[in-house]
Amino acid sequence: MPTLRGIGLTPAGGPIQLDRYTRIDGARSVFLDSLERIKGWKVVFDAPGSSVQYNSVDFGKTPWKSLTAKVASSSGGVLEVRAGASVIGEVDVPAGGGWRVVSVPLKGKVSGVKNLLVVGKAAGLQVDWIRFDSTSG
């Protein structure tokens, strides 16, 4: 079973492994591959409105421009990413079931240390990791 994240800051340019969450509500962590557990964990959002909070992401002073996520879903949907109270990105997760890396532009500027909240707007969304990029997605 994955562990809660430790102390310290996580660089925004990560990958940020959401299975190392601070708080989880209506979602769950499961193996990426139940036959090859060494591959690690993913987060599955089981219902619309389920969420994962990941604290202490260090955005520093870098001018972040895009959000990239490794995602999967059989039916598709949207992941909303918040830094504090602000929505900073919405990732359209394509239908099809296979893993895809999707990049979207950030909505506004973000700097300093923030707590992230990732909210699934549909059931069945899966996330391996997210990261922020200083180039456009």
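The values are calculated or read from the model by the stated rules, or taken from the named source; none is laboratory data. Bear in mind the structure is a predicted one, so any value in this text is a computation, not a measurement. Note that each Cβ is placed from the backbone with ideal geometry, even for glycine, and that neighbours are counted across all protein chains shown. Accessible surface is based on the protein model in full, side chains and every heavy atom, while ligands, DNA and RNA are left aside. Shrake-Rupley method; radii C 1.70, N 1.55, O 1.52, S 1.80 Å.
Structure above, values below:
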item: Calculated log₁₀ intensity ratio I(q)/I(0) where the Debye formula runs over C-alpha points of segment 65-137, q = 0.14, 0.21, 0.26 Å⁻¹; result: -0.39, -0.85, -1.21
item: Share of carbon and sulfur in the accessible heavy-atom surface of segment 9-137 [1.4 Å probe, %]; result: 50
item: ³J(HN,Hα), Karplus 6.51/-1.76/1.60, whole Hz, each residue of segment 43-55, x for Gly, Pro; result: 10, 10, 8, 7, 8, x, x, 5, 8, 10, 9, 10, 8
item: Under-5 Å amide H pairs with Val93, H placed in peptide plane, nonlocal only; result: Gly77, Val78, Leu79
item: Accessible area of the chain divided out per residue, in Å², using a probe of 1.4 angstrom; result: 50
item: Percent of alpha-carbon pairs separated by more than 16 Å within segment 31-99; result: 60
item: The chain, relative contact order in percent, only Cα pairs under 8 angstrom and at least six apart counted; result: 32
item: Where Cα atoms sit under 27 Å apart: lysine pairs in segment 3-129 separated by 8 or more or lying on different chains; result: 21
item: Check: the chain dipole with +1 on Lys, Arg Cβ and -1 on Asp, Glu Cβ, in debye; result: 320
item: Nonlocal amide H pairs with Ser50, under 5 Å, H built at 1.01 Å; result: Gly120
item: For Asn55, distant residues with modelled amide H under 5 Å away; result: Thr22, Leu116
